[in-house]
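Here's the structure, in structure tokens; my notes come after.
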Amino acid sequence: MKQYPIGIQEFESLIRDGYYYVDKTKLIHRLITTGRYYFLSRPRRFGKSLLISTIQAYFEGKRELFKGLAIDSLAKDWTPHPILHLDLNTQKYDRPGDLDDILNKALEAWEKLYGCNPAEKSLAMRFDGVIQRAREKTGQRVVILVDEYDKPMLQAIGNDGLQNAYRETLKPFYGALKSRDGDIRFAMLTGVTKFGKVSVFSDLNNLNDISMWDAMYDICGVSETELETDFKDDIEELAAAQGMTYADCLAELKRQYDGYRFEENAPGVYNPFSLLNTFAKKKFGNYWFETGTPTYLVKLLQMHNYDLEEMSHDVTSEDVLNSIDPASTDPIPVIYQSGYLTIKDYDKEFMYYTLGFPNEEVERGFIKYLMPYYTTVTRGKTAFEISRFVQEARRGDYDAFLTRLRSFYADIPYEMQRDLEVHYQNVLFIVFRLMGFHAGVEYRTSNGRVDLVMKTDKYVYVMEFKLDGTAEEAMRQINEKGYAEPFKADGRRVIKLGINFSRQTKTIDKWMAEE
């Protein structure tokens, strides 16, 4: 039985306890032999901590752990180096002192090993001194590994005062990587996002950002080749457990968990956490998404009144994707770097990226997660309400599902009332996108109006929505523009629905139907 390293982030314990390891050491060898300072951003649960731990084991000279792996035959130097490993993933960071506490704890541990200097008062000065003394005491240059460097900044999104406090602490602290260049053999910082502009990286310009480098596209995650070679037996076992053919099982894995592209020319990679859980449990599930979605993502979307429909085809530049500006009004870089959007296409002439959801697990999970924040539906009732909605549509009961939709709009939060039109569209997007996993839905927006086609096995619904107009006007537009014409020969019953939203009632006030 293969042991899957689900949740195991320490390389040494993974190897010694016999867990399976997808060999990334050829890429690690390239990093340690061709450069010194690196930064990598990847979504959570993609193996960043395991990558850091693997690099640490190499620089500790533990060659026995790498027997049979690529680096065992590639590396010539296994000299142990002093390691300064900082993991910032263990605090909530909801008060100014949280960051100081975790930095002070790390510094005290290092100072026990390499000594301290009472004259060093600030956290940055102590870090600088530790690097110097570690080099002097061991005779070897220092390796610095920082895991989840951005956790404090992410947790403080929406709290400018707290974020400024963290930034002012981290900028000089990380500045030691530049001032102590002669004492450092290797340094890597990892995180979910990259904060730029006036943030913690503004003075740290010697880092080589490999986040969008095609040569390192699969340093975290599982490539198509790795899936079909390293996990061939696992796919066969999963297919047998699910009563599927090998080809169908492979296609389902791709649909659910593939599609993360971190560079325009690179192939997609699979989510490793979801893959390992699927193989271990022998069934498909939303494993990555169920580990928790940060609430700061929803706060960003609502703070900027973002049109959710844009997420499925957002267009942006590399500068926007590659760095987060805390003062920006664009939530897309954070959502992209967090793994909820990925690169779908690239225009070489104008150098812009088209983004979209990487796979069904992320799309379904993220939209379902958003529903309680935009509607009256509680988290526990989301699946039930959508199932009732689909059932009512399948039996042709449009009065029932439109009554249900109207109830979703009650008690709109005050902060969303400044642009009701976007809020109306966002609720429609969430509801009908979730329905789309069970019934065909074509969703289009044009000039602030929403046109929607929903298909079930017996019905085709052609809908037009108005804001502060009338249901009659909406129906007239459907007929005058011939929206229902393409479905005349479909064989299913075609129902036209004209629907009006009212700013005064803040919900649907009337609808009318024609068959």
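The values are calculated or read from the model by the stated rules, or taken from the named source; none is laboratory data. On a predicted model such as this, the values are computed, not experimentally measured, just so you know. A quick note on method: Cβ atoms are made from the backbone with ideal geometry, for glycine too, and the neighbour counts reach across all protein chains shown. For the accessible areas, the whole protein counts, side chains as well, though only heavy atoms, and no ligand, DNA or RNA atoms are used. Shrake-Rupley method; radii C 1.70, N 1.55, O 1.52, S 1.80 Å.
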>> Past the 19 angstrom mark, what percentage of all C-alpha to C-alpha distances in segment 6-87 do you count?
In response: 34
>> For a quick check of your reading of the filter: which trypsin sites (Lys or Arg not before Pro) in segment 107-167 sit in a DSSP loop and have no more than 12 other Cβ atoms within 10 Å?
In response: Lys121
> If you place +1 on the Cβ of every Lys and Arg, -1 on the Cβ of every Asp and Glu, and leave all else neutral, what size is the dipole of segment 217-299 about its Cα centre, to the nearest 20 Debye?
Replying inline: 480
> For the chain, what % of the accessible area comes from carbon and sulfur atoms, probe 1.4 Å?
Replying inline: 47
> Dividing the alpha-carbon Rg of the chain by 2.2 N^0.38 Å yields what?
Replying inline: 1.12
> What number, in nm² with one decimal, is the all-direction average of the projected area of the convex hull of the alpha-carbon atoms of segment 81-212?
Replying inline: 7.9
> Any idea what the dipole of the chain comes to, in debye rounded to 20, about its Cα centre with Lys/Arg Cβ at +1 and Asp/Glu Cβ at -1?
Replying inline: 880
> Which of Ile210, Gly491, Gln132 sits farthest toward the positive end of the charge dipole of the chain, with +1 on the Cβ of Lys and Arg and -1 on the Cβ of Asp and Glu?
Replying inline: Gln132
> Which residues' amide hydrogens lie under 5 Å from the amide hydrogen of Asp209, considering only partners 5 or more residues apart or on another chain, with H built in the peptide plane?
Replying inline: Phe39
>> Could you tell me how far the Cα centroid of segment 329-350 sits from the Cα centroid of segment 210-289, in Å?
In response: 21
> Considering amide H positions built from the backbone, and no H for Pro or chain starts, which residues 5 or more places from Asp330, or on another chain, come under 5 Å of its amide H?
Replying inline: none
> So what is the 222 nm mean residue ellipticity for the chain from helices alone, if each DSSP H run of at least 4 adds -39500 (n - 2.57) and you divide by all residues, rounding to the nearest 500 deg cm²/dmol?
Replying inline: -13000 deg cm²/dmol
> How much accessible area does Thr34 have with a 1.4 Å probe, in Å² rounded to the nearest 10?
Replying inline: 100
> Within the P(r) computed for segment 329-441, what percentage of the Cα pairs occupies the region above 16 Å?
Replying inline: 66
> Compactness ratio of segment 34-76: Cα Rg over 2.2 N^0.38 Å, N = residue count?
Replying inline: 1.30
>> Angle check, please: helix 48-59 long axis (alpha carbons) against the longest principal axis of the chain (alpha carbons), in degrees 0 to 90, nearest 10.
In response: 20
> If the convex hull of the alpha-carbon atoms of segment 424-515 is projected onto planes in all directions, what is the mean projected area in square nanometres?
Replying inline: 5.7
> How would Met212, Met463, Met1 rank on accessible area, largest to smallest, probe 1.4 Å?
Replying inline: Met1, Met212, Met463
>> Against the 2.2 N^0.38 Å scaling, with N counting residues, where does segment 212-346 land? I'd like the Cα-based Rg ratio to two decimal places.
In response: 1.19
> With charges only on Cβ, +1 for K and R and -1 for D and E, what is the dipole size of segment 1-61 about its Cα centre, in debye, rounded to 20?
Replying inline: 360
> What's the FRET efficiency of Arg492 with Met512 using the Cβ-Cβ distance as r and R₀ = 22 Å, to the nearest 0.05?
Replying inline: 0.60
>> Just to verify a number: FRET efficiency for Glu349 and Lys254, C-beta to C-beta distance, R0 = 25 Å, to 0.05?
In response: 0.25
> Does anyone have the angle between helix 246-257 and the longest principal axis of the chain? Alpha-carbon axes, 0 to 90°, nearest 10?
Replying inline: 80
> Which aspartates and glutamates does Lys24 reach when only Cα atoms under 17 Å apart count, and residues fewer than 8 places away in its own chain are ignored?
Replying inline: Glu10, Glu12, Glu64, Asp72, Asp214, Asp218, Glu224, Glu226, Glu228, Asp230
> Binning every alpha carbon pair distance of segment 1-139 at 5 Å from zero, what are the percents per bin?
Replying inline: 2, 8, 16, 17, 18, 16, 13, 7, 3, 1, 0, 0
>> Over 10 Å intervals from 0, what percent of Cα-Cα pairs in segment 236-276 sits in each interval?
In response: 30, 45, 20, 5
> Nearest 10 degrees, 0 to 90: what angle lies between the long axis of helix 160-179 and the longest principal axis of the chain (Cα atoms)?
Replying inline: 40
